[in-house]
Amino acid sequence: MNYADAFKASVAKVRAEGRYRVFANLRRAKGEFPRAHWRTEDGDVRDVVVWCSNDYLGMGQSPCVVGAMKQAIEDVGAGAGGTRNISGTTNYHVELEASLADLHQKEAALLFTSGYIANQATLATLGKILPGLVIFSDALNHASMIEGIKGAKCEKHVWRHNDVEHLESLLLQTPLDAPKLIALESVYSMDGDIGPLEAVCDLADKYNALTYLDEVHAVGLYGLRGGGVAERDGLMQRFDIIEGTLGKAYGVMGGYIAADAVIVDAIRSSAPGFIFTTSLAPALAAGARASVEFLKTSHHLREAHQARAAELKQRFAEAGLPVMDSKTHIVPLHVGDPVLCKRMTDSLLVDHGIYVQPINYPTVPMGAERMRLTPTPLHDEAMVEDLISAMTAVYREHAAAKLA
(Lines give C-alpha, C1' and ligand atoms only; values in the text may rest on other atoms or scores of the structure.)
Protein backbone atom coordinates (compact mmCIF):
# COMPACT_ATOMS: atom_id res chain seq x y z
CA MET A 1 0.00 0.00 0.00
CA ASN A 2 1.19 3.52 -0.79
CA TYR A 3 0.53 5.24 2.53
CA ALA A 4 1.30 8.76 1.28
CA ASP A 5 -1.24 8.41 -1.52
CA ALA A 6 -3.90 7.34 0.97
CA PHE A 7 -3.35 10.44 3.08
CA LYS A 8 -3.32 12.66 0.01
CA ALA A 9 -6.55 11.11 -1.21
CA SER A 10 -8.19 11.73 2.14
CA VAL A 11 -7.32 15.42 2.04
CA ALA A 12 -8.25 15.67 -1.64
CA LYS A 13 -11.73 14.32 -0.87
CA VAL A 14 -12.25 17.00 1.77
CA ARG A 15 -11.06 19.67 -0.65
CA ALA A 16 -13.32 18.39 -3.44
CA GLU A 17 -16.33 18.62 -1.14
CA GLY A 18 -15.48 22.25 -0.41
CA ARG A 19 -15.00 21.71 3.32
CA TYR A 20 -11.22 21.89 3.65
CA ARG A 21 -10.49 23.99 6.72
CA VAL A 22 -7.92 26.77 6.75
CA PHE A 23 -6.91 28.21 10.11
CA ALA A 24 -6.40 31.94 10.34
CA ASN A 25 -3.18 32.89 12.10
CA LEU A 26 -4.56 35.20 14.79
CA ARG A 27 -2.93 36.86 17.74
CA ARG A 28 -5.21 38.39 20.31
CA ALA A 29 -4.02 41.57 21.99
CA LYS A 30 -4.53 41.59 25.75
CA GLY A 31 -7.12 44.11 26.78
CA GLU A 32 -8.37 44.70 23.22
CA PHE A 33 -10.76 41.76 22.73
CA PRO A 34 -12.55 41.21 20.34
CA ARG A 35 -9.84 42.87 18.26
CA ALA A 36 -6.96 40.71 17.10
CA HIS A 37 -4.01 40.75 14.71
CA TRP A 38 -4.16 38.50 11.64
CA ARG A 39 -0.93 37.39 10.01
CA THR A 40 -1.53 36.70 6.32
CA GLU A 41 0.26 34.08 4.25
CA ASP A 42 2.40 36.89 2.84
CA GLY A 43 3.55 37.81 6.34
CA ASP A 44 1.54 41.02 6.59
CA VAL A 45 -0.20 41.81 9.88
CA ARG A 46 -3.70 43.26 9.75
CA ASP A 47 -6.17 44.28 12.45
CA VAL A 48 -9.41 42.28 12.51
CA VAL A 49 -12.49 41.97 14.70
CA VAL A 50 -13.32 38.44 15.84
CA TRP A 51 -17.03 37.54 15.66
CA CYS A 52 -16.89 33.79 16.25
CA SER A 53 -15.06 33.28 19.54
CA ASN A 54 -16.45 30.95 22.19
CA ASP A 55 -14.87 33.23 24.78
CA TYR A 56 -18.39 34.56 25.07
CA LEU A 57 -17.74 37.16 27.77
CA GLY A 58 -14.12 37.98 27.04
CA MET A 59 -13.01 36.38 30.30
CA GLY A 60 -9.80 35.19 28.67
CA GLN A 61 -8.78 38.86 28.77
CA SER A 62 -10.15 39.64 32.24
CA PRO A 63 -7.59 41.13 34.64
CA CYS A 64 -8.76 38.85 37.47
CA VAL A 65 -8.20 35.74 35.34
CA VAL A 66 -4.87 36.85 33.86
CA GLY A 67 -3.70 37.98 37.28
CA ALA A 68 -4.55 34.66 38.90
CA MET A 69 -2.68 32.77 36.19
CA LYS A 70 0.38 34.99 36.46
CA GLN A 71 0.46 34.59 40.23
CA ALA A 72 0.16 30.80 39.98
CA ILE A 73 3.10 30.64 37.58
CA GLU A 74 5.13 32.83 39.91
CA ASP A 75 4.24 30.63 42.86
CA VAL A 76 4.53 27.10 41.47
CA GLY A 77 5.84 27.24 37.89
CA ALA A 78 4.33 25.92 34.68
CA GLY A 79 3.23 22.27 34.58
CA ALA A 80 1.31 20.10 36.99
CA GLY A 81 3.97 17.41 37.03
CA GLY A 82 1.89 14.39 36.08
CA THR A 83 -1.49 12.77 36.25
CA ARG A 84 -3.80 13.55 39.14
CA ASN A 85 -3.07 10.10 40.57
CA ILE A 86 0.71 10.44 40.57
CA SER A 87 1.80 14.01 41.14
CA GLY A 88 -0.63 16.30 39.37
CA THR A 89 -3.12 17.18 42.09
CA THR A 90 -2.55 20.62 43.59
CA ASN A 91 -4.57 22.93 45.78
CA TYR A 92 -5.51 24.80 42.60
CA HIS A 93 -7.29 21.71 41.26
CA VAL A 94 -8.96 20.96 44.56
CA GLU A 95 -10.20 24.52 44.98
CA LEU A 96 -11.49 24.69 41.40
CA GLU A 97 -13.44 21.45 41.85
CA ALA A 98 -14.99 22.85 45.03
CA SER A 99 -15.99 26.01 43.17
CA LEU A 100 -17.60 23.98 40.38
CA ALA A 101 -19.48 21.75 42.79
CA ASP A 102 -20.82 24.87 44.49
CA LEU A 103 -21.75 26.40 41.13
CA HIS A 104 -24.00 23.45 40.30
CA GLN A 105 -25.14 22.76 43.88
CA LYS A 106 -23.62 19.27 43.77
CA GLU A 107 -21.57 17.37 46.33
CA ALA A 108 -18.48 17.09 44.13
CA ALA A 109 -16.89 17.88 40.78
CA LEU A 110 -14.11 16.34 38.71
CA LEU A 111 -11.74 18.16 36.34
CA PHE A 112 -10.72 16.93 32.91
CA THR A 113 -8.38 18.47 30.34
CA SER A 114 -11.27 19.49 28.07
CA GLY A 115 -15.03 19.37 27.76
CA TYR A 116 -14.61 16.79 25.00
CA ILE A 117 -12.68 14.48 27.29
CA ALA A 118 -15.13 15.05 30.15
CA ASN A 119 -17.99 13.82 27.96
CA GLN A 120 -16.11 11.01 26.26
CA ALA A 121 -14.53 9.63 29.41
CA THR A 122 -17.56 9.92 31.65
CA LEU A 123 -20.13 8.42 29.28
CA ALA A 124 -17.83 5.58 28.26
CA THR A 125 -17.10 4.79 31.90
CA LEU A 126 -20.77 4.78 32.89
CA GLY A 127 -21.28 1.90 30.49
CA LYS A 128 -18.67 -0.10 32.39
CA ILE A 129 -19.90 0.80 35.87
CA LEU A 130 -23.57 0.04 35.15
CA PRO A 131 -23.98 -3.45 33.62
CA GLY A 132 -26.81 -3.58 31.12
CA LEU A 133 -27.00 0.20 30.82
CA VAL A 134 -29.22 1.58 28.05
CA ILE A 135 -28.37 5.11 26.87
CA PHE A 136 -30.86 7.43 25.18
CA SER A 137 -29.09 10.21 23.26
CA ASP A 138 -30.53 13.28 21.53
CA ALA A 139 -29.85 13.15 17.79
CA LEU A 140 -27.90 16.43 17.83
CA ASN A 141 -25.68 15.67 20.80
CA HIS A 142 -22.07 16.75 20.45
CA ALA A 143 -19.45 14.49 18.86
CA SER A 144 -17.78 14.02 22.25
CA MET A 145 -21.01 12.60 23.69
CA ILE A 146 -21.43 10.32 20.68
CA GLU A 147 -17.88 9.01 21.07
CA GLY A 148 -18.41 8.46 24.78
CA ILE A 149 -21.61 6.52 24.16
CA LYS A 150 -19.86 4.39 21.55
CA GLY A 151 -17.13 3.73 24.08
CA ALA A 152 -19.69 2.62 26.64
CA LYS A 153 -20.35 -0.43 24.42
CA CYS A 154 -23.89 -0.75 25.67
CA GLU A 155 -27.33 -0.64 24.13
CA LYS A 156 -28.16 2.84 22.86
CA HIS A 157 -31.08 4.61 21.25
CA VAL A 158 -31.03 7.96 19.45
CA TRP A 159 -34.15 10.08 19.89
CA ARG A 160 -35.17 12.74 17.42
CA HIS A 161 -33.84 16.14 18.39
CA ASN A 162 -35.89 17.65 21.23
CA ASP A 163 -38.74 15.18 20.53
CA VAL A 164 -39.78 13.98 23.99
CA GLU A 165 -42.63 11.91 22.57
CA HIS A 166 -40.14 9.91 20.56
CA LEU A 167 -37.93 9.60 23.62
CA GLU A 168 -40.82 8.22 25.66
CA SER A 169 -41.68 5.72 22.94
CA LEU A 170 -38.12 4.39 23.16
CA LEU A 171 -38.21 4.29 26.96
CA LEU A 172 -41.45 2.30 26.82
CA GLN A 173 -39.63 -0.43 24.89
CA THR A 174 -37.03 -0.84 27.64
CA PRO A 175 -37.65 -2.85 30.82
CA LEU A 176 -38.42 -0.56 33.76
CA ASP A 177 -35.77 -2.24 35.92
CA ALA A 178 -33.00 -1.85 33.31
CA PRO A 179 -30.43 0.86 34.14
CA LYS A 180 -31.03 3.83 31.85
CA LEU A 181 -29.38 7.15 31.09
CA ILE A 182 -30.86 10.08 29.14
CA ALA A 183 -28.20 12.37 27.67
CA LEU A 184 -28.83 15.78 26.14
CA GLU A 185 -27.47 19.30 25.87
CA SER A 186 -28.95 22.49 27.22
CA VAL A 187 -27.79 24.88 24.46
CA TYR A 188 -27.19 23.34 21.04
CA SER A 189 -24.45 25.51 19.68
CA MET A 190 -25.06 25.32 15.93
CA ASP A 191 -28.78 26.13 15.82
CA GLY A 192 -28.95 28.01 19.11
CA ASP A 193 -31.94 26.10 20.46
CA ILE A 194 -32.46 24.67 23.95
CA GLY A 195 -33.15 21.10 25.00
CA PRO A 196 -36.44 20.14 26.72
CA LEU A 197 -34.83 19.90 30.14
CA GLU A 198 -37.88 19.73 32.39
CA ALA A 199 -39.73 17.25 30.18
CA VAL A 200 -36.67 14.99 30.12
CA CYS A 201 -36.44 15.11 33.91
CA ASP A 202 -40.11 14.15 34.14
CA LEU A 203 -39.54 11.16 31.88
CA ALA A 204 -36.45 10.17 33.84
CA ASP A 205 -38.51 10.11 37.03
CA LYS A 206 -41.26 8.14 35.33
CA TYR A 207 -38.96 5.50 33.84
CA ASN A 208 -36.28 5.38 36.55
CA ALA A 209 -33.45 6.81 34.43
CA LEU A 210 -30.35 8.81 35.24
CA THR A 211 -29.96 12.21 33.57
CA TYR A 212 -26.82 13.60 31.94
CA LEU A 213 -26.77 17.25 30.88
CA ASP A 214 -24.09 18.90 28.74
CA GLU A 215 -24.05 22.62 29.65
CA VAL A 216 -20.85 23.60 27.83
CA HIS A 217 -22.45 26.46 25.87
CA ALA A 218 -24.48 27.61 28.87
CA VAL A 219 -22.23 27.64 31.94
CA GLY A 220 -21.25 31.17 32.85
CA LEU A 221 -24.00 32.53 30.60
CA TYR A 222 -27.33 31.47 32.09
CA GLY A 223 -28.69 31.45 35.62
CA LEU A 224 -28.14 34.04 38.33
CA ARG A 225 -24.67 32.65 39.09
CA GLY A 226 -23.82 31.21 35.69
CA GLY A 227 -24.78 27.63 36.51
CA GLY A 228 -26.39 27.20 33.10
CA VAL A 229 -29.90 26.67 31.78
CA ALA A 230 -30.60 24.12 34.51
CA GLU A 231 -29.94 26.80 37.11
CA ARG A 232 -32.02 29.35 35.22
CA ASP A 233 -34.94 26.92 35.09
CA GLY A 234 -34.56 25.61 38.66
CA LEU A 235 -33.64 22.11 37.52
CA MET A 236 -30.07 21.54 38.70
CA GLN A 237 -31.06 19.11 41.44
CA ARG A 238 -32.97 16.98 38.94
CA PHE A 239 -29.92 16.27 36.80
CA ASP A 240 -27.68 13.52 38.11
CA ILE A 241 -24.59 14.56 36.16
CA ILE A 242 -23.90 18.03 34.77
CA GLU A 243 -20.98 18.43 32.39
CA GLY A 244 -19.37 21.75 31.52
CA THR A 245 -16.34 23.44 30.10
CA LEU A 246 -13.87 26.07 31.25
CA GLY A 247 -12.83 26.96 27.71
CA LYS A 248 -15.84 28.95 26.55
CA ALA A 249 -17.62 31.50 28.77
CA TYR A 250 -14.92 31.07 31.42
CA GLY A 251 -12.22 31.88 28.89
CA VAL A 252 -9.54 29.39 29.94
CA MET A 253 -9.29 25.62 29.31
CA GLY A 254 -10.58 22.35 30.73
CA GLY A 255 -13.78 20.42 31.30
CA TYR A 256 -15.57 18.89 34.26
CA ILE A 257 -18.51 16.97 35.63
CA ALA A 258 -20.49 17.80 38.77
CA ALA A 259 -22.60 15.19 40.57
CA ASP A 260 -23.14 13.34 43.83
CA ALA A 261 -19.85 12.47 45.49
CA VAL A 262 -20.29 8.74 44.92
CA ILE A 263 -20.76 9.25 41.18
CA VAL A 264 -17.73 11.51 40.93
CA ASP A 265 -15.65 9.06 42.94
CA ALA A 266 -16.65 6.18 40.68
CA ILE A 267 -15.69 8.11 37.54
CA ARG A 268 -12.46 9.32 39.14
CA SER A 269 -11.52 5.76 40.03
CA SER A 270 -12.42 4.15 36.70
CA ALA A 271 -12.20 6.55 33.72
CA PRO A 272 -9.03 6.03 31.63
CA GLY A 273 -9.46 9.52 30.17
CA PHE A 274 -8.97 10.88 33.67
CA ILE A 275 -6.56 8.38 35.19
CA PHE A 276 -3.96 8.42 32.41
CA THR A 277 -4.00 12.11 31.42
CA THR A 278 -1.62 14.75 32.75
CA SER A 279 -3.66 17.22 34.75
CA LEU A 280 -4.32 20.83 33.86
CA ALA A 281 -1.46 23.21 34.53
CA PRO A 282 -1.90 24.94 37.92
CA ALA A 283 -2.07 28.33 36.20
CA LEU A 284 -5.03 27.14 34.10
CA ALA A 285 -6.83 25.86 37.18
CA ALA A 286 -6.14 29.12 39.02
CA GLY A 287 -7.41 31.23 36.12
CA ALA A 288 -10.49 29.07 35.67
CA ARG A 289 -11.39 29.29 39.35
CA ALA A 290 -10.99 33.08 39.29
CA SER A 291 -13.31 33.22 36.29
CA VAL A 292 -15.93 30.92 37.82
CA GLU A 293 -15.99 32.89 41.07
CA PHE A 294 -16.07 36.26 39.30
CA LEU A 295 -19.02 35.27 37.12
CA LYS A 296 -21.00 33.94 40.08
CA THR A 297 -21.55 37.57 41.06
CA SER A 298 -21.46 39.29 37.66
CA HIS A 299 -24.96 38.80 36.30
CA HIS A 300 -24.76 42.17 34.55
CA LEU A 301 -22.35 40.63 32.04
CA ARG A 302 -24.85 37.90 31.23
CA GLU A 303 -27.58 40.48 30.74
CA ALA A 304 -25.35 42.56 28.46
CA HIS A 305 -24.42 39.43 26.51
CA GLN A 306 -28.04 38.49 25.90
CA ALA A 307 -28.91 42.05 24.91
CA ARG A 308 -26.10 42.20 22.35
CA ALA A 309 -27.14 38.84 20.84
CA ALA A 310 -30.78 39.91 20.61
CA GLU A 311 -29.77 43.18 18.99
CA LEU A 312 -27.61 41.45 16.39
CA LYS A 313 -30.37 38.99 15.44
CA GLN A 314 -32.81 41.87 15.05
CA ARG A 315 -30.36 43.90 12.97
CA PHE A 316 -29.66 40.96 10.67
CA ALA A 317 -33.38 40.38 10.17
CA GLU A 318 -33.99 44.07 9.44
CA ALA A 319 -31.18 43.96 6.86
CA GLY A 320 -32.86 41.02 5.13
CA LEU A 321 -30.06 38.61 5.96
CA PRO A 322 -30.91 34.90 6.44
CA VAL A 323 -30.54 34.76 10.22
CA MET A 324 -31.70 31.40 11.52
CA ASP A 325 -34.14 31.09 14.40
CA SER A 326 -32.21 30.96 17.66
CA LYS A 327 -33.44 31.03 21.24
CA THR A 328 -30.00 31.72 22.69
CA HIS A 329 -26.86 33.81 22.26
CA ILE A 330 -25.87 31.87 19.13
CA VAL A 331 -26.49 33.87 15.93
CA PRO A 332 -26.32 31.64 12.82
CA LEU A 333 -26.61 32.91 9.25
CA HIS A 334 -27.64 30.33 6.67
CA VAL A 335 -25.52 29.75 3.56
CA GLY A 336 -26.22 26.16 2.49
CA ASP A 337 -23.13 25.54 0.38
CA PRO A 338 -19.60 24.79 1.66
CA VAL A 339 -17.69 26.44 -1.18
CA LEU A 340 -19.84 29.55 -0.99
CA CYS A 341 -19.55 29.67 2.79
CA LYS A 342 -15.76 29.61 2.62
CA ARG A 343 -15.73 32.21 -0.15
CA MET A 344 -17.92 34.53 1.91
CA THR A 345 -15.90 34.23 5.10
CA ASP A 346 -12.70 34.81 3.11
CA SER A 347 -14.22 38.00 1.73
CA LEU A 348 -15.25 39.18 5.18
CA LEU A 349 -11.70 38.67 6.44
CA VAL A 350 -9.74 40.03 3.48
CA ASP A 351 -12.03 42.84 2.38
CA HIS A 352 -13.62 43.92 5.65
CA GLY A 353 -11.32 42.86 8.50
CA ILE A 354 -14.02 40.65 10.05
CA TYR A 355 -13.16 37.14 11.17
CA VAL A 356 -15.91 34.52 11.04
CA GLN A 357 -15.16 30.85 10.44
CA PRO A 358 -17.34 28.86 8.00
CA ILE A 359 -19.28 26.03 9.64
CA ASN A 360 -19.34 23.03 7.34
CA TYR A 361 -19.82 19.26 7.51
CA PRO A 362 -19.29 17.30 9.75
CA THR A 363 -20.06 20.03 12.30
CA VAL A 364 -23.42 20.53 10.59
CA PRO A 365 -25.17 18.34 7.98
CA MET A 366 -24.31 18.86 4.31
CA GLY A 367 -26.56 21.55 2.92
CA ALA A 368 -26.81 23.27 6.30
CA GLU A 369 -23.56 25.22 6.04
CA ARG A 370 -23.62 28.54 7.83
CA MET A 371 -21.74 31.32 9.50
CA ARG A 372 -22.03 31.17 13.28
CA LEU A 373 -21.60 34.48 15.04
CA THR A 374 -21.13 34.89 18.77
CA PRO A 375 -21.56 38.52 19.87
CA THR A 376 -20.11 39.50 23.22
CA PRO A 377 -20.63 42.44 25.58
CA LEU A 378 -17.31 43.77 24.28
CA HIS A 379 -18.51 44.18 20.69
CA ASP A 380 -19.43 47.86 20.58
CA GLU A 381 -21.98 49.65 18.42
CA ALA A 382 -19.40 50.67 15.83
CA MET A 383 -18.38 47.02 15.42
CA VAL A 384 -22.02 46.02 14.97
CA GLU A 385 -22.52 48.69 12.30
CA ASP A 386 -19.38 47.56 10.45
CA LEU A 387 -20.53 43.94 10.62
CA ILE A 388 -24.02 44.68 9.25
CA SER A 389 -22.56 46.71 6.41
CA ALA A 390 -19.95 44.09 5.54
CA MET A 391 -22.31 41.14 5.80
CA THR A 392 -24.91 42.84 3.60
CA ALA A 393 -22.28 43.54 0.95
CA VAL A 394 -20.91 40.00 1.05
CA TYR A 395 -24.33 38.38 0.75
CA ARG A 396 -25.25 40.72 -2.08
CA GLU A 397 -22.06 39.86 -3.95
CA HIS A 398 -21.75 36.13 -3.32
CA ALA A 399 -25.06 34.65 -2.30
CA ALA A 400 -27.97 36.57 -3.80
CA ALA A 401 -28.61 34.06 -6.56
CA LYS A 402 -28.53 31.00 -4.30
CA LEU A 403 -30.64 32.55 -1.56
CA ALA A 404 -33.32 34.00 -3.84
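The values are calculated or read from the model by the stated rules, or taken from the named source; none is laboratory data. Owing to the predicted nature of the structure, the values given are computational and were not obtained by experimental measurement. All Cβ positions, even for glycine, are placed from backbone atoms using ideal geometry, and neighbour counts span all protein chains on display. To get the accessible areas, we keep the full protein, side chains included, count just its heavy atoms, and leave off ligands, DNA and RNA. Shrake-Rupley method; radii C 1.70, N 1.55, O 1.52, S 1.80 Å.
Here is how the numbers come out for the structure above:
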{"read-out": "Distant alpha-carbon pairs in the range 292-404 (separation over 16 angstrom), percent", "value": "60"}
{"read-out": "Helix-derived mean residue ellipticity, 222 nm - over the chain, DSSP H n ≥ 4, -39500 (n - 2.57), to 500", "value": "-13500 deg cm²/dmol"}
{"read-out": "Theoretical gain in end-to-end length, N91 to A139 [0.36 nm per residue, Cα-Cα removed]", "value": "13.4 nm"}
{"read-out": "Positive-pole candidate from V292, T374, Y355, dipole of the chain, charges at beta carbon", "value": "Y355"}
{"read-out": "Size of the range 73-181 as Cα extents on the principal axes (Å, biggest first)", "value": "57, 26, 25"}
{"read-out": "Reference-scaled alpha-carbon Rg (2.2 N^0.38 Å with N residues) for the chain", "value": "1.01"}
{"read-out": "Exposed chymotrypsin sites (Phe, Trp or Tyr not before Pro) absent - longest run of the chain, DSSP non-H/G/I/E/B, at most 13 other C-beta within 10 Å", "value": "24-275"}
{"read-out": "The chain, relative contact order in percent, only Cα pairs under 8 angstrom and at least six apart counted", "value": "21"}
{"read-out": "Dipole magnitude of the range 91-197, debye to nearest 20 (Cβ charges: Lys/Arg +1, Asp/Glu -1, about Cα centre)", "value": "460"}
{"read-out": "Difference of contour (0.36 nm per residue) and Cα-Cα distance, L176 to D5", "value": "56.4 nm"}
{"read-out": "Part-to-part distance (alpha-carbon centres) for the range 6-33 and the range 70-89, which is given in Å", "value": "32"}
{"read-out": "Long-range HN-HN contacts of L373 with modeled amide H, under 5 Å", "value": "V331, L333"}
{"read-out": "Karplus-derived 3J(HN,Hα), 6.51/-1.76/1.60, for each residue of the range 166-171, Hz, glycine and proline x", "value": "5, 4, 5, 4, 6, 4"}
{"read-out": "Charge-dipole axis of the range 152-280 as Lys and Arg at +1 and Asp and Glu at -1 on Cβ define it, positive-most pick from S279, H217, G251", "value": "S279"}
{"read-out": "Rounded to the nearest 10 Å², the accessible area of E318 at probe 1.4 Å", "value": "120"}
{"read-out": "Solvent-accessible area, 1.4 Å probe, carbon plus sulfur percent, for the range 1-159", "value": "54"}
{"read-out": "Under 25 Å from K13, Cα to Cα: lysines that are on another chain or at least 8 residues apart", "value": "K342, K402"}
{"read-out": "Integer Hz, Karplus 6.51/-1.76/1.60 couplings in order for the range 21-38, x for Gly and Pro", "value": "9, 10, 8, 6, 7, 10, 10, 6, 9, 4, x, 10, 4, x, 6, 8, 10, 9"}
{"read-out": "Percent carbon-and-sulfur accessible area, the range 252-404, ignoring ligands, DNA and RNA, probe 1.4 Å", "value": "56"}
{"read-out": "Computed label-point distance, nm, for sites Q71 and A304 using a 7 Å Cα→Cβ extension", "value": "2.3"}
{"read-out": "Ordering of 196-205, 41-50, 173-182 by burial proxy (mean other Cβ atoms within 10 Å per residue, highest first)", "value": "196-205, 173-182, 41-50"}
{"read-out": "Under-5 Å amide H pairs with A249, H placed in peptide plane, nonlocal only", "value": "Y56"}
{"read-out": "Spatial separation of Cα centroids for the range 232-293 and the range 216-230, in angstrom", "value": "14"}
{"read-out": "For the range 10-113, the Rg and Dmax computed from alpha carbons only, in angstrom", "value": "19.4, 53"}
{"read-out": "Phi-based couplings in Hz for the range 148-160 (Karplus 6.51, -1.76, 1.60; Gly and Pro marked x)", "value": "x, 5, 4, x, 5, 6, 10, 5, 9, 9, 9, 9, 4"}
{"read-out": "Kirkwood Rh (inverse of mean 1/r, distinct Cα pairs), the range 118-208, angstrom", "value": "13.2"}
{"read-out": "Set of aspartates and glutamates near K180 by C-alpha distance (under 15 Å), chain-local residues within fewer than 8 positions excluded", "value": "D138, E155, E168, D202, D205, D240"}
{"read-out": "Taking the C-alpha atoms of the range 181-288, convex hull volume expressed per residue in Å³", "value": "117"}
{"read-out": "Over 19 Å between alpha carbons, listed pairs K128/K248; K128/K150; K296/K327", "value": "K128/K248; K296/K327"}
{"read-out": "Cβ-placed point charges (K, R +1; D, E -1), dipole of the chain about Cα centre in debye, nearest 20", "value": "900"}
